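Reviewing the structure listed below.
The values are calculated or read from the model by the stated rules, or taken from the named source; none is laboratory data. None of these values were measured; they are calculated from a predicted model. Cβ coordinates were reconstructed from backbone atoms using ideal geometry, including for glycine residues, and neighbour counts include every protein chain displayed. For accessibility, only protein heavy atoms count, side chains too; no ligands or nucleic acids. Shrake-Rupley method; radii C 1.70, N 1.55, O 1.52, S 1.80 Å.
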Amino acid sequence: MEIIENSKLTVVGAGSVGSSVAYAALIRGSARHVALYDIATEKVEAEVLDLAHGTQFTGSSAIVGGSDISVAAGSHVVVITAGAKQNPGQTRTELAGVNAGIIRRMMPDLLAVAPNAVYVIVTNPCDVLTVIAQQETGLPPERIFASGTVLDTSRLRWKLAERAGVSTASVHAHIIGEHGDTEFPLWSRATIGTVPILEWETPGHPRFTLEELDEIAVEVRDAAYKVIRGKGATNYAIGLSSARIVEAILRDEHAVMPVSTVLRDFHGLDGVALSVPSIVSAAGAEPIRATSFSDRELEQLRQSADALTAVAGSLQA
């Protein structure tokens, strides 16, 4: 599927995550033009130079950037990674106060130079910041959403595939809810191929138990903390997953992904951003209202909503 002709992606923030998003987008050919923007002039210019030096090997994509927000002009997609990073032992929601201020200051300026873009928020806590950004800009919810649990879902599928002895692409399972401590797998709809997750069994790969699935869910939930303890930040996988979201937009794929939009009367939830299976296309992201949940999963989704509402409330106090 072809990307939008002369497509432009701007990545906001030249830290480890933003630079990884730009790098992944270049090597995957996610957009024809990639721009990197950061207020730290020397840092962003160095990252752009380093990336530009490799463009002989990246096909048709080109990279520009700098500390003037005009580099974002005419963007089709803007991926926002700017903000304070998550430190060892720190939860995503503890980042909320600092990063909310950054988003509030930045969004009007970005919207002024890229009024027609689809905005994807990666900065944590991405769900809370998506609500703030949507309120600040007045954009329709489908045009400003978070990367949500796309990466968490990839982590889940990797773990399940490894255990089941199949390729990751053959695992159909989603992490939904908050991108954080209250996220959970949609086990009631999880399959390997066409086989329900609890029924999968092949030689050398016995059936999963409920206890084993619970353990895998905890490992997936806490995976980022483990990476942060070891190397200080998560960057490669979020770079790849963000580039994949960009491709779904620029290629108008109508791909199903668990991104986080501000929900409107979704199974009784309203005004909170949570990851649920959504259709991602050139128009943005639209939650799939026909998604069904078990009673337990619906309760977990509401618990995620309550947790994020509490964080949002603390920012207004």
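Between S67 and N116, what is the FRET efficiency for a Förster distance of 22 Å, r being their Cβ-Cβ separation, to the nearest 0.05?
Values: r = 23 Å, r/R0 = 1.05.
The value I calculate is 0.40.
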Helix-derived mean residue ellipticity, 222 nm - over the chain, DSSP H n ≥ 4, -39500 (n - 2.57), to 500: -13000 deg cm²/dmol
Compactness relative to 2.2 N^0.38 Å, alpha carbon Rg of region 1-122: 1.05
Choice from H254, H174, H53 with maximal GNM fluctuation in the chain (Cα, 10 Å cutoff): H53
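Over region 201-317, with every protein chain in place, what whole percent of the accessible area is carbon and sulfur at 1.4 Å, could you tell me? Write down the numbers at each step before the final one.
Working: 3020 of 5680 Å².
Carbon-and-sulfur percentage of accessible area, whole number: 53.
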Percentage of interatomic Cα-Cα distances in region 1-45 larger than 11 Å: 63
Under the span-like rule (Cα at least 20 Å along the axis, Kyte-Doolittle mean at least 0.5), DSSP H helices of the chain: 96-113, 236-250
Longest DSSP-loop-exposure-free segment, trypsin sites (Lys or Arg not before Pro), the chain, at most 13 other Cβ within 10 Å: 1-206
Estimated translational D of the chain in µm²/s (Stokes, Kirkwood radius over Cα pairs; 4 °C; 1.567 mPa s): 66
Diffusion constant of region 76-176 at 10 °C, which comes from Stokes-Einstein with the Kirkwood Cα-pair radius and 1.306 mPa s, µm²/s: 106
Inter-part distance where region 123-153 and region 223-282 are each reduced to a Cα centre, Å: 9
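Taking all protein chains in place and a 1.4 Å probe, what share, in percent, of the accessible surface of region 74-136 do carbon and sulfur account for?
The nonpolar share, carbon plus sulfur, comes to 50 percent.
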Of P196, P287, P115, the one that fluctuates the most in a GNM where the chain has Cα springs shorter than 10 Å: P196
A52/E162 FRET efficiency (R0 30 Å; Cβ-Cβ; nearest 0.05): 0.20
Accessible area of the chain divided out per residue, in Å², using a probe of 1.4 angstrom: 43
Rounded to the nearest 20 debye, dipole of region 187-317 from Cβ charges on Lys, Arg, Asp, Glu: 460
Exposed GluC sites (Glu not before Pro) absent: longest stretch of the chain, with sites in DSSP loops and at most 13 other Cβ within 10 Å deemed exposed: 6-200
